[in-house]
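Remarks on the structure that follows.
Every read-out reported here was derived from the displayed coordinates using simple, explicitly stated rules and does not represent laboratory data. Values in this document were obtained by computation on a predicted structure and should not be read as measured data. Here the Cβ is made from the backbone with ideal geometry for all residues, glycine too, and neighbour counts use every protein chain on show.
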Amino acid sequence: MGIKRLVIGIAVIMLLLFVACSDDESVYPKERAVASGTTDSSGKVELDLGSHIITVSVINEAEAGLSDIPVTGYLLNDYFFAFTGGNESYYPGFRFMPYDSMEIAEDISYSPHVSGVQSPESYQAFEAEVVITLASLDRQVYSYYNEPPHNEAVYTDEWCTPVSSLGTLEDVYNLTDSVTIDNGFFIHITSNVATLTNAEVQTVSVAMSQIEDFETFSVLMGLEFHIFNDDTLNIHYVTYNDSILPVIYINSVIMAEGSFFAQFTLTWDENPRDLDSHLWTPEIEGDSFHIYFASKGETLEPPYAFLDLDDITSWGPEHIVVYQGFPGLYTYAVHHWAGEGDIPSSNAEVSILKPDRSVQEFTPPDTTAQEDWYWHVCTLDGETGEITAIGIISPDPPLPYYRVGGMQSKNY
């Protein structure tokens, strides 16, 4: 009878200890751990992080598993952080998951080790599943218009150490060599920065293989965050153990005044594959100018305006930055150079960014158009900065060609 009571007593103690150790606290790790792997043919990879074994599923927007995607998982103090590298087809991706909200893996019974009751051999790690959805690659950065949850977790986590400095976009670009993992990283600006710069997004995923140089990077940051290289930034990166995590935070900005007069940005869909930006200037130091792919302009001499690139394979963006405004009207238009479809069906959008970071946007009229036609978008007053919409589709350009006569051939 005494032995029976002893067995029952031990069983009760073990049960109480198990329950005590099976509350929400038990899902949190006791120490840092990192693991990496590559997804299999079903889009899954199992990351063994010691106390936690986490299966990460990487899928596309159609919910199909993606194979051969590199995945790195980090046990933070408060969150599990999973980062997936990008490739030629998909952007890098990431996800922060609070441990107590992670989906427990099917058919797994969590049995935490309790000292003095269970032997180490009977210990079973906490097993869970995390899903990351990757967007298809179509340009250099992916903008999260719906903010990912907990994306400031790395910056605030006790097991991470933020390192801060004041600098410019060039300093951010120089930092990318250190933070890039498997071809990617992400950048996050705070809501205060987004409010100051009038940015529509706070987080972007960056595919570094698609960015050739600082000039391209600078243009993209102007497009996404309305931040320019003359601005002063409070830049943070994060260390975890002896490594730097693939994230850059911009926590404040002092905006430079007068660094530019206006920035025209053109984006569009896959078809037509080649739309072109055109800007006609008023008279500047005795001459008028036409800025387009064959005559991209200059930044420090007339016309004090410059086209950054000629995108001939869909999407854009193409930017023309006017660095100094001169009396008279600037006229901006979009030309359909090549490709199926027309300007009205292209989902083209032109945005004009001003020094105060205000933005004015234009879309083409819904009308009949053909290849080699022009969308006359707007005029810009070089003294007042006032923008006036034109909004017509025409077989003719709004003004004659200056400086460079006739259309020039492109090298495809």
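With a point put 7 Å past each Cα toward its Cβ, work out how far THR195 is from THR388 in nm, to one decimal.
According to this spin-label approximation, the distance is 3.6 nm.
Based on Cα positions only, what radius of gyration and what Dmax would you give for the stretch 141-254, in angstroms?
Using the Cα atoms of the stretch 141-254, the pair Rg, Dmax is 13.0, 36 Å.
Let me check against my output: what whole-number percent is the relative contact order of the chain, with C-alpha pairs under 8 Å and at least 6 apart? Don't skip to the end; give the middle numbers.
Working: 926 pairs, mean separation 44.2, N = 412.
Result for the chain is 11 percent.
What translational diffusion coefficient, in µm²/s and rounded to a whole number, does the Stokes-Einstein relation yield for the stretch 271-326 at 25 °C and a viscosity of 0.890 mPa s, taking the hydrodynamic radius as the Kirkwood radius over Cα pairs? Write down the numbers at each step before the final one.
Working: Rh = 11.7 Å.
In µm²/s, the coefficient is 209.
Please name whichever of THR384, TYR401, TRP373 sits farthest to the positive end of the charge dipole of the stretch 348-402, dipole taken about the Cα centre and charges placed at Cβ: Lys and Arg +1, Asp and Glu -1.
Value: THR384.
Counting only helical runs of four or more DSSP H residues, what would the 222 nm mean residue ellipticity of the chain come to if each run contributes -39,500 (n - 2.57) and the total is spread over all its residues? Numbers along the way, then the final one.
Numbers: 5 runs with 53 residues, N = 412.
Roughly -4000 deg cm²/dmol at 222 nm, from the helical runs in the chain.
Report, by chain and number, residues whose modeled amide H sits under 5 Å from the one on ALA338, excluding near sequence neighbours (fewer than 5 apart, same chain).
Amide H neighbours of ALA338: ASP274.
Report the Rg/Rh value for the stretch 262-394, based on alpha-carbon coordinates and the Kirkwood definition of Rh. Each step should come with its number before you reach the end.
On the way: Rg = 14.0 Å, Rh = 14.7 Å.
Using only Cα positions, Rg/Rh for the stretch 262-394 is 0.95.
Can you give me the distance in nm between label points at THR363 and THR299, each placed 7 Å from the Cα along the Cα-to-Cβ direction?
Using points 7 Å along Cα→Cβ, the separation is 3.3 nm.
Of the listed peptides 168-175, 37-44, 289-296, what is their order by residue-averaged count of other C-beta atoms within 10 Å, with the highest listed first? Walk me through the numbers on the way to the answer.
Details: 168-175: 17.1, 37-44: 15.6, 289-296: 20.0.
Packing order, densest peptide first, comes out as 289-296, 168-175, 37-44.
If you wrap the stretch 218-293's Cα atoms in a convex hull and average its projection over all directions, what's the area in nm²? Provide the component values of the computation, followed by the final result.
Working: hull surface 34.0 nm².
Spelled out: convex hull of the Cα atoms, projected over all directions, averaged, 8.5 nm².
Considering the zone a paramagnetic label at LEU399 would reach in this model (a point 7 Å from Cα along the Cα-to-Cβ line), which residues of the stretch 261-290 have amide N under 15 Å from it?
Those under the cut-off are 278-290.
Most fluctuating residue of VAL193, VAL247, VAL163 in a GNM of the chain with Cα springs under 10 Å: which is it?
The residue with the greatest mean-square fluctuation here is VAL163.
Around VAL253, what is the net charge, scoring Lys/Arg as +1 and Asp/Glu as -1 over all other residues with Cβ under 12 Å from its Cβ? Don't jump to the answer; show the numbers that get you there.
Working: positive: ARG357; negative: ASP230, ASP231.
With Lys, Arg at +1 and Asp, Glu at -1, the neighbours total -1.
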